[in-house]
Amino acid sequence: MNNQFLIGLVFLLGLMSFMACEELPADPTKLSAEELDVEMETTTDVELIYSDSAVVNVIVKANKMLTNTKRGDKKQVFPNGVDVDFFDPKGRVQSELTCKMATRFEKDKRILMQDSVVWKSGKGEVLDTEELIWDERNQKVFSKRLVKITTAQDVIHGYGFEADQGFTKWKIIRPQGEMGVEN
């Protein structure tokens, strides 16, 4: 009975030590975000290309992008801003937009541009504002904030703005100030 007890004890201790060991994956680079407990990924020198049927529509460039990896809260933050080129169907730059801070909300397919937003049209018109939203799905750009548009003839101020993403057709919702009118 003494030998059986000793064998049972050794077996039990061996089983307990085996169960206490946690197996590590062979390749640690294949760990999931949950296993690593990572909430943000950092990417540098980013270029996002939007195209339709192999025709480039938009290129977004940034020197830094932070991607939130939490489920249900997918977004990309561009803490140093973005440079955006919008193209016409022939591949020519139609308008150019810059800002010092941007956040892309993946679920809504919208990019919130903030801080010193400047958007230049191919016709030489320039929009200045502190906040602008690009709706990727509908290819529209809008703001509910104060905007200033400088054209060859006028400087127009107002609250609220809507345009196509090429900045070829636009309107200020509540314009203010003096402006010239063609006959």
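Tabulated results
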quantity: Candidate set: the range 77-128, residues that are among the small types (Gly, Ala, Ser) and under 29 Å from Asp154 (Cβ atoms); chosen: the one nearest to the chain's Cα centre (by Cα); calculated: Ala102
quantity: Index of the failed condition, His157 passing every other in (1) over 17 Å from the mean Cα position of the chain (by Cα); (2) within 22 Å of Asp52 (Cβ to Cβ); calculated: (2)
quantity: Tabulated pairs, the range 147-170, first in contact (Cβ under 8 Å) with a residue 40 or more places away in the chain and outside any strand (DSSP E or B), second crowded, with 18+ Cβ neighbours inside 10 Å and of a type in the set (Gly, Ala, Ser), C-beta under 9 angstrom, 6+ apart or interchain; calculated: Gln165/Ser95; Gly166/Ser95; Gly166/Ser121; Phe167/Ser95; Phe167/Ser121; Thr168/Ser95; Thr168/Ser121
quantity: Qualifying positions in the range 97-119 - in a strand (DSSP E or B) and farther than 15 Å from Gly81 by Cβ; calculated: Phe105, Arg110
quantity: Single residue of the range 143-165 satisfying the filter (crowded, with 16+ Cβ neighbours inside 10 Å and closer than 19 Å to Val58 by Cα) that is modelled with the highest pLDDT; calculated: Ala163
quantity: Qualifying residue in the range 111-133 (condition: out of contact with any Pro (no Cβ under 8 Å at 6 or more places or on another chain), surrounded by fewer than 16 Cβ atoms within 10 Å (Cβ to Cβ) and within 18 Å of Ser51 (Cβ to Cβ)); calculated: no
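The values are calculated or read from the model by the stated rules, or taken from the named source; none is laboratory data. Note that the coordinates shown come from a computational prediction; the quantities given were computed from them, not determined experimentally. Methodologically, a virtual Cβ is constructed for each residue, glycine included, from the backbone with ideal geometry; neighbour enumeration extends over all protein chains shown.
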